[in-house]
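Comments concern the structure below.
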Amino acid sequence: MDYSIETVESAPFAQNAYVLHRRDWEEALVVDPGFDAEALLALLERLGKRPAAILNTHGHVDHIAGDAALKRAFPHAPLIIGRLDAPMLADQTANLSLQFGQPIVAPPADRTVQDGDRLEFAGFPMLVREVPGHSPGSVVYVLDQEDPRVVIGGDVLFAGSIGRVDFGGRPEHDFQVLMSGIVAKLLPLPDSARVLPGHGPETTIGRERRYNPYVREFLARSTSL
């Protein structure tokens, strides 16, 4: 494995931002800059890397709070988010920042993506998969040329859990939609595929297929119909 993954966890939501970089590359990937943008910027300086792109998995405040600071520091790095979550960047109600008492807007996306798109930045080819349900258009970025594969998963699938769908009964938060997306888009990946979640520890597809109670119950219910 000729790359490294650095994690910056930021309060108050224990959200994981990631910096992925290859040893001999000057560029890196920055994923979901959270509230601790200063720590991310310090990490990039320490590594001697500049972002080739800033990826958002979805538009909730804890994952976009650092977008503005990263764009100020690296204005040429494109900010990328799923097409259906792009409006949330400037909407304090939709991105939940008003609800949590920390109103925030992020810069507009430089590029939006949808299911099946392919990207390559900093030497990382990746496939975009849309997995809504936690937000209108959450995306995961699958580094499908790595061995094992790497899923930059945002708040879709966690170690032993899934993304929340209980934000005040909003229609874009839907358990059935989220679980159907996990089953269709993520579970076909190899058991060895690494999952980098938006909160909590890293896991694998195989571990979640076997032990995640939400996944197990949904699969059992689906096969019994």
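The values are calculated or read from the model by the stated rules, or taken from the named source; none is laboratory data. All values reported here derive from a predicted model rather than from experimental measurement. Because the Cβ atoms are built from the backbone with ideal geometry, glycine has one as well, and the counts that use them run over all protein chains shown. To get the accessible areas, we keep the full protein, side chains included, count just its heavy atoms, and leave off ligands, DNA and RNA. Shrake-Rupley method; radii C 1.70, N 1.55, O 1.52, S 1.80 Å.
Based on Cβ point charges of +1 for Lys and Arg and -1 for Asp and Glu, what charge dipole magnitude is obtained for the chain about its Cα centre, in debye rounded to the nearest 20?
340
Measuring nothing but protein heavy atoms, the accessible surface of segment 35-177 at 1.4 Å probe radius is 50 percent carbon and sulfur.
For volume of the Cα convex hull per residue in Å³, one of [x] 135; [y] 123; [z] 109 was computed from the structure I shared and the rest are decoys. Which label? Read-out from the structure maps to [z].
Accessible surface for the chain, divided over its residues, is 43 Å² per residue with a 1.4 Å probe.
One decimal place: the segment Q102-R210 gains 35.1 nm when fully extended, by the rule 0.36 nm per residue minus the C-alpha distance. Distance between the 7 Å Cα→Cβ label points at A220 and D2: 4.6 nm. Sort out for me the Cα centre separation of segment 59-106 from segment 108-179, rounded to whole Å. Segment 59-106 and segment 108-179 have Cα centres separated by 16 Å.
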